[in-house]
Structure formats: C-alpha cells, structure tokens
Amino acid sequence: MAQPVPHQATDKKRVKVYELRDNDWFDRGTGFCTATFATTEDGRKDPRVIVESEDQPERLLLETKIQKEDGFQKQQGKPSPS
C-alpha cells in the first residue's frame with residue numbers, strides 16, 4: 001500500500017503524461033502527481049511516483065518505482081508558435 005512521503009508538500013503538481021511506443025509519443029492525459037512509498041512484501045519501502053487522472057481521479061495514468069538510474073525531466077518553457 002502506498003503512503004505519502006513524510007514532510008512532502010500537500011500540494012499535488014499538475015502534470016502531462018506521455019508514453020513512448022515505437023518511437024512515437026502518445027498523450028496519456030493530464031493528472032496530479034504525488035510521491036509515495038509502497039511497502040513491499042518483505043517490508044521494504046519503495047519510492048514511487050503516482051499520477052491520478054485529472055478528470056477521473058480513480059484512474060491512474062502512471063505508477064512507477066523511482067530508481068536511481070531513471071531519468072525524469074521537467075519540460076523547459078513553452079514551445080514557440082510555428
């Protein structure tokens with residue numbers, strides 16, 4: 001069961017989730033992102049990122065374990081008009 005990260009701000013961040021499939025990006029939707037710990041069967045606590053859908057909060061757009069090797073990035077700026 002996932003638990004909120006201690007001392008984390010209670011504000012959820014609004015994010016856009018994309019999935020890369022066969023070199024094409026697919027829009028999975030917009031949602032709210034939180035960081036949590038999930039307790040494993042052996043009692044370890046794994047850090048996770050969870051994104052709940054903005055329109056359907058019961059629908060998860062993303063739930064993934066955070067690993068040291070993973071690369072996450074924030075989009076920089078807004079794209080300029082063509």
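Using beta carbons and a limit of 9 Å, which pairs, at least six apart or on different chains, have the first residue in segment 59-78 and surrounded by 12 or more Cβ atoms within 10 Å (Cβ to Cβ) and the second one at pLDDT below 65 and among the small types (Gly, Ala, Ser)?
Here the result reads GLU63/ALA2, each pair linking segment 59-78 to a residue that is at pLDDT below 65 and among the small types (Gly, Ala, Ser).
Please give the strands (runs of 3 or more DSSP E) falling wholly within the chain in which 3 or more residues are at pLDDT 90 or above.
Counting at least 3 such residues, we get 13-21, 24-39, 45-53, 60-65.
The values are calculated or read from the model by the stated rules, or taken from the named source; none is laboratory data. Predicted model only: the values in this text are computed from it and were never measured. So basically every Cβ, Gly included, is an ideal-geometry build from the backbone, and we count neighbours across all protein chains shown.
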